[in-house]
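Bear in mind these aren't lab numbers, they're just calculated from the coordinates by the rules spelled out. It should be emphasised that the depicted structure is a prediction, and the values quoted were computed from it without experimental measurement. Don't worry about glycine lacking a Cβ; one is built from the backbone with ideal geometry, like all the others, and counts go over all protein chains shown.
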There are 2 protein chains.
Amino acid sequence: MTFRTHTCGELRLTDSGKEVTLSGWVQRTRDKGNLLWIDLRDRYGITQLFLQEGESKAELLSIARSLGREFVIKIVGVVSERESKNPNIPTGEIEIKLTSIELLNASKTPPFTIEDKSDGGDELRMKYRYLDLRRNPLRQNLALRHRMSIATRSYLDGQGFFEIETPYLIKSTPEGARDFVVPSRMNPGEFYALPQSPQTFKQILMVAGYDRYFQIVRCFRDEDLRADRQPEFTQIDCEMAFVTQEDVLNTFEGLARHLFREVKNLDVAAFERMDYATAMKLYGSDKPDLRFGMAFEELNDLAKNHDFSIFDEAELVVGINAEGCSEYSRKQLDALTDFVKKPQVGAKGLVYIKYNTDGSIKSSIDKYFTTDDLKKWVDRFNAKPGDLMLILSGREEATRKQLNVLRIEMGNQLGLRDPLVFKPLWVTDFPLLEWNEESQRFYAMHHPFTSPKPEDIHLLDSDPGKVRANAYDMVINGVEVGGGSIRIHDRGLQKRMFSLLGFTDEEAMNQFGFLLNAFEYGAPPHGGLALGFDRLTALFAGHDSIRDFIAFPKNNSGRDIMIDSPSPIADEQLNELHLRIVQ
Amino acid sequence: MTFRTHTCGELRLTDSGKEVTLSGWVQRTRDKGNLLWIDLRDRYGITQLFLQEGESKAELLSIARSLGREFVIKIVGVVSERESKNPNIPTGEIEIKLTSIELLNASKTPPFTIEDKSDGGDELRMKYRYLDLRRNPLRQNLALRHRMSIATRSYLDGQGFFEIETPYLIKSTPEGARDFVVPSRMNPGEFYALPQSPQTFKQILMVAGYDRYFQIVRCFRDEDLRADRQPEFTQIDCEMAFVTQEDVLNTFEGLARHLFREVKNLDVAAFERMDYATAMKLYGSDKPDLRFGMAFEELNDLAKNHDFSIFDEAELVVGINAEGCSEYSRKQLDALTDFVKKPQVGAKGLVYIKYNTDGSIKSSIDKYFTTDDLKKWVDRFNAKPGDLMLILSGREEATRKQLNVLRIEMGNQLGLRDPLVFKPLWVTDFPLLEWNEESQRFYAMHHPFTSPKPEDIHLLDSDPGKVRANAYDMVINGVEVGGGSIRIHDRGLQKRMFSLLGFTDEEAMNQFGFLLNAFEYGAPPHGGLALGFDRLTALFAGHDSIRDFIAFPKNNSGRDIMIDSPSPIADEQLNELHLRIVQ
């Protein structure tokens, strides 16, 4: 007994005359009265089946006519050349003249169409995920994900990395995001936590001498889910001993370029490098999209002292040059103004300067600035006739962020953000700490294990906010694909960091004592990084959303609609765990 | 700045004269007064460093003399031929004449020796796992595990399998072992469960048309831990659509043979096949160790009606032949008798027949059986002079189990169980159900998704205990490495199974409704298996215990001693989860 001799994707004209057995799903049937075709689908493709009144047995025709969409069948037939060929599919030159059909399983009519563009809504497709996953786009996404995981492992194995599995039942540490916890039945009143990342374990592995570690690993964060966040997500997690930042960047730039080559057949140029301060100055973002220019120009010297109070009172006047946009209409400019004034962006207004194609200059601040004044602005932007300059002003940090959003919007409007063009860079020299106004304390920008730059250590006490870290992010097309750092490997410095972050010695020992202890037994210098695997895969496919790159994602309430989870558990289970639910 | 130009495992005589930089741990120092050697260790090997009073700078000698075990250093020096070579290590022909030493990190004296045979006890080694992991045996274990995971993926990828990640936050289902549960903060009073295996998800993937799925995946069981069980463990989990049992067996026999070839450089013969009934009859075990013979011989016809009440009252008299053991002393035979009478074995006594080298026969039942009688026994066993037959009797099932334990013990005593000889087999045709006396109901022997053999389906109502399943185990050297089955893909049959297992329709729909629903939309025939990855790796290394093949195992109370987990969590966390601990 065999279900198939071939898949539905492999038969060609050269197979003509062969008797074959195929199994798969009925994609569609076309019944022209005396001629009947069935498209049979499996993971590998679609093969056309053929029946003819008179030639084929009546019983066969009757079975064929009873088949609905998504019925599962096994057929036997002979490969034949098609009359009208379909050049769009690899099997398009042949069809199978049927000699038998066996119904393996029937199907109700699916609640939405199994086509590249389905008519199903999001919730319905999540509930019937097994049907949604049959569609080509999702199948291609998961195939891509598989190929990326294979290529990642092949590269890292070749570089001497060991994949080492770290535990999923670990210990809750309040620093960072919220943990998912797991009550321990054998230790009543105690809990494991699911890892937000294997950070401390990979550092322990460096202390243990494993030299080069990686893992494609699930991580968990119990956060209020924003769009496109998942409570469980996957990281390519890596760590190396006896390395400088340069070693880490080169190794993982190598990984990314390997993936582009293996999976996308793309040769990506060497990554740009940009320090955090420059990225913020030029793009108002620590993850600049370098597929297009429009770097920021600062204009305080030109803008101030022209009796324009908005500029005079601003901490920063800064703009971008949208090349070739001088013909933007009043309506388009108003729309841009509305865009930047949206609460999510938060600017007070938008100033524009049009450098018209005839050489004239027209701006929304003509009242305060002469044409000669504005010529200097145009020169600052290196603008050409036909360009449009867009200028924001206000508090420095906020204004840069607003201009970043406007720059991205202009990139979108001008079609400068082709999802299949890839411009990766490393952003380096992040600040070690960030101040939180609300809790009036410093938080680690990356995490508490990131090392300060040696030349900045003297600032740790006097001006901690100024200390730069040996930390870096891999950014592709404006997306932070991952990040990492050279870690602290000195117990004293690590304790000082915990203290800066407001840990008492007791808290530090209670939560991270094992790491601090490990640092007393010959910890080597080490560093690493983690890449978001869901995100990276989506990016490779040119998609923004990660949801369709995860086989079974959860919705924005953290719920798996297909299996209807989370769900209540039995009282007996609660009792065994020594827990009671309180409302 | 660079930490090393080479690793501690790669320099050879051909590198003589090169100036090199190495980093690593001080394994030991030998100070002969005017000559001083340091063994420097990293993951890749050990390299000998050399200093000489007079030749080397005084400062260097002083640093070198201050180094303790496990200090981390970076050195520069010149590769030179050794005077007294060490043929036992690959770098044994050279040493490094030091020109500089930089101390990267000091180390306290480790609480146990970092040697192949450590002097540390289990608990101490678990607490300082990062030191234990530095020892060669553990490093080799984890390196083996890495190579096995790479080879597994390479084989399955080559066979067209996609690795697809299934969720870790799923739904609690009381059937089977106890689940670990995860309270949902966003859905108060509700819980996720951690998967005991991705069983239902991989079946859903088959319904979704993925055709060939695998995953090297963590699984979780909240069981009372027996020796060598872990609350989290790793499976190679696989599923295939449109396959017969034969297809599955061939594919994964292929995987196992690929692993033996790639990882152990061993060509393993085609797997034997044995059905469950035969395995129980011949070896009293569903996981027989085929590295040696000693198959059971049944003796009821010879044993009964000789006025020996023990045999006359027994349901089964059955024995094994221990070849070449006729010289076993009284003391040895008494020890064997004591062995089978231990409560864990539970036999009432042991009968022996010695077929002496001189051709005479001596037994512990001479009173009841003549030499002629016993000659028939000897013939039944095909025994040769010099052999020893060991016979048990009693209730059939219990006696077979006892004789299995005795057979294994004899295999051990006779050195027939070489851990580096591998004898794999498939055990097939398991019973579908097993009766539980305590709860007076049937349980699925494998799991509720296993399909009955079509030819036995008619027994489902009349004699469910007799129904055989399309289920199979991969057994190597008496260890069940994994198992699987052809699944049910018909909604009606699946519902009938749930009903046989005591589920109400409502319970079945509540827990497995998504699968039953999926079966209505064109589920293909499918089947698969899962291999225990921890166990398989340990087996490949010739070890019984999995603990040292897991980087960070838990102890028998489910506790990670190194990180001290599980542990109490903050009241705030409990409040957010709407939980209270009750004693």
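Some values worked out for this structure:
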| read-out | value |
| --- | --- |
| Qualifying trypsin sites (Lys or Arg not before Pro) in the stretch B:179-273, DSSP loop, other Cβ atoms within 10 Å at most 11 | B:ARG226 |
| 222 nm mean residue ellipticity, helices alone, for chain B (DSSP H n ≥ 4; -39,500 (n - 2.57); rounded to 500) | -8500 deg cm²/dmol |
| Label distances, nm, A:GLU327 versus same residue in remaining copies, Cβ-directed 7 Å point | 10.6 |
| Copy-to-copy label separations for A:GLY158, where each label sits 7 Å from Cα toward Cβ, in nm and ascending | 1.7 |
| Simple label model, 7 Å out from Cα along Cβ direction - B:THR504 to A:SER84, nm | 5.7 nm |
| Residue range of chain B that is longest and free of GluC sites (Glu not before Pro) which are both DSSP loop and sparsely packed (at most 10 other C-beta within 10 Å) | B:84-436 |
| A:SER66-A:ASP307 pseudo-label distance in nm [points 7 Å out on the Cα-to-Cβ vector] | 9.2 nm |
| Size of the stretch A:118-210 as Cα extents on the principal axes (Å, biggest first) | 51, 43, 25 |
| Diffusion constant of the stretch A:324-383 at 37 °C, which comes from Stokes-Einstein with the Kirkwood Cα-pair radius and 0.692 mPa s, µm²/s | 262 µm²/s |
| For B:204-215, mean number of other protein chain Cβ atoms within 10 Å | 6 |
| The stretch B:13-105 - convex hull of alpha carbons, volume per residue in Å³ | 93 Å³ |
| Virtual spin-label span in nm between A:LYS362 and A:GLN583, 7 Å along Cα→Cβ | 6.6 nm |
| Gap separating the Cα centres of the stretch A:508-583 and the stretch B:145-159, nearest whole Å | 26 Å |
| Shielding by partners, peptide B:50-58 (average Cβ within 10 angstrom, other chains) | 0 |
| Shape call, the stretch A:484-583: gyration tensor on alpha carbons, a/c limit 1.5 | oblate |
| Volume per residue of the C-alpha convex hull in the stretch A:293-395, rounded to whole Å³ | 96 Å³ |
| Length-normalised contact order for the stretch A:13-105 - Cα pairs under 8 Å, 6+ apart - percent | 34 percent |
| Cα gyration tensor shape of the stretch A:412-511, rounded if a/c is under 1.5, else prolate or oblate by comparing a/b with b/c | prolate |
| Added length on full extension, which subtracts the Cα-Cα distance from 0.36 nm per residue, A:GLU115 to A:GLU272 | 52.5 nm |
| Check: chain A dipole with +1 on Lys, Arg Cβ and -1 on Asp, Glu Cβ, in debye | 1620 debye |
| Shielding by other protein chains, A:551-557, mean Cβ within 10 Å | 4 |
| Position A:ASP312, label points 7 Å along Cα→Cβ, spacing to each other copy in nm (shortest first, one decimal) | 12.4 |
| Centroid-to-centroid separation of the stretch B:168-245 and the stretch B:361-388 [C-alpha atoms, Å] | 53 Å |
| Listed residue pairs exceeding 26 Å between alpha carbons, taken from A:LYS401/A:LYS466; B:LYS85/B:LYS108; A:LYS287/A:LYS348; B:LYS281/B:LYS348 | B:LYS85/B:LYS108 |
| Calculated P(r) tail over 40 Å for chain B, as whole % of Cα pairs | 46 percent |
| Whole-number D in µm² s⁻¹ for the protein assembly as shown, Kirkwood Cα-pair radius fed into Stokes-Einstein, 4 °C, 1.567 mPa s | 37 µm²/s |
